[in-house]
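Worksheet for the structure shown next.
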Amino acid sequence: MASDTTTAGEAISKTIADNDVVLFMKGTKQFPQCGFSATAVKILEHLGVPFKDVNVLEDQGLREGIKTFSNWPTIPQLYVKGEFVGGCDIMREMYSAGELHDLICDKGIPHSHHHG
């Protein structure tokens, strides 16, 4: 990816368009490099939602570009079906309230968390 934000924005748009669930994070889902990213990964894994992880630490243009793209100042950032959902705190609140699971279901995204 190129370092200017226009190209980063295009790359971000494409990634979000090509994947139902995208988490822009510090590190990878195998090796998160900040506590907030680790929490976000755990929430998605607990719901059994397959997601694309994008490591913003690998590309400074992407790291700044995603903040401009979403108009949200922090990482991680969750996108579901092309829509910005929020960061770690919002994910945690939505997960606790059952709203994140409802969103995943409403959007028709396959996941392994069974209703019960």
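The values are calculated or read from the model by the stated rules, or taken from the named source; none is laboratory data. Because the structure is a prediction, the values reported are computed rather than measured. Cβ: placed from backbone, ideal geometry, glycine included. Neighbour counts: every protein chain shown.
Looking only at residues that are out of contact with any Phe, Trp or Tyr (no Cβ under 9 Å at 6 or more places or on another chain) and in a helix (DSSP H, G or I) in region 53-62, which one is surrounded by the most Cβ atoms within 10 Å (Cβ to Cβ)? Reasoning before the result, please.
If we filter region 53-62 for residues that are out of contact with any Phe, Trp or Tyr (no Cβ under 9 Å at 6 or more places or on another chain), which is where we start, we get 57-61.
Restricting the remaining residues to those that are in a helix (DSSP H, G or I) gives 57-58, 60-61.
Numbers: Leu57: 15, Glu58: 12, Gln60: 12, Gly61: 18.
Here the residue is Gly61.
To keep it simple, each residue is scored yes or no on (1) without any contact (Cβ under 8 Å) to a residue 60 or more places away in the chain; (2) in contact with a Pro (Cβ under 7 Å, 6 or more places away or on another chain).
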| site | (1), (2) |
| --- | --- |
| Gly9 | no, no |
| Phe36 | yes, yes |
| Ile43 | yes, no |
| Leu103 | yes, no |
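Only one of Lys52, Lys67 is closer than 27 Å to Ala8 by Cα, of a type in the set (D, E, K, R), touching a strand residue (DSSP E or B) at 6+ places or on another chain (Cβ under 9 Å) and in contact (Cβ under 8 Å) with a residue 12 or more places away in the chain. Can you tell me which?
Values: Lys67 fails: in contact (Cβ under 8 Å) with a residue 12 or more places away in the chain.
None of the other options fit; the residue is Lys52.
Looking only at region 68-85, decide whether some residue is more than 14 Å from the chain's Cα centre (by Cα) and part of a helix (DSSP H, G or I).
Among the residues of region 68-85, at least one is more than 14 Å from the chain's Cα centre (by Cα) and part of a helix (DSSP H, G or I), which makes the answer yes.
From the list Pro110, Pro50, which one is outside any helix (DSSP H, G or I), surrounded by fewer than 17 Cβ atoms within 10 Å (Cβ to Cβ) and modelled with pLDDT under 95? Explain how you work it out, then say what you get.
Values: Pro50 fails: modelled with pLDDT under 95.
From the options Pro110, Pro50, the qualifying one is Pro110.
Taking Lys29 as meeting all but one of (1) of a type in the set (D, E, K, R); (2) outside any loop (DSSP other than H, G, I, E, B); (3) touching a residue at least 12 places away in the same chain (Cβ under 8 Å), write down the number of the exception.
For Lys29, the exception is condition (2).
Give me a count of the residues in region 70-101 that are under 16 Å from Asp18 (Cα atoms), free of Cβ contacts under 8 Å to residues at least 24 places away in the same chain and either touching a strand residue (DSSP E or B) at 6+ places or on another chain (Cβ under 6 Å) or buried (at least 16 other Cβ atoms within 10 Å of the Cβ) (or both). Spell out the reasoning first.
Going through region 70-101, the residues under 16 Å from Asp18 (Cα atoms) turn out to be 78-84.
Next cut, free of Cβ contacts under 8 Å to residues at least 24 places away in the same chain only: 83-84.
Subset that is either touching a strand residue (DSSP E or B) at 6+ places or on another chain (Cβ under 6 Å) or buried (at least 16 other Cβ atoms within 10 Å of the Cβ) (or both): 84.
Of the residues in that region, 1 qualify.
Have a look at Glu45, Glu10 and point out the one that is among the acidic types (Asp, Glu) and within 14 Å of the chain's Cα centre (by Cα). It would help to see each step written out before you state the result.
Numbers: Glu10 fails: within 14 Å of the chain's Cα centre (by Cα).
Checking each option against the conditions leaves just Glu45.
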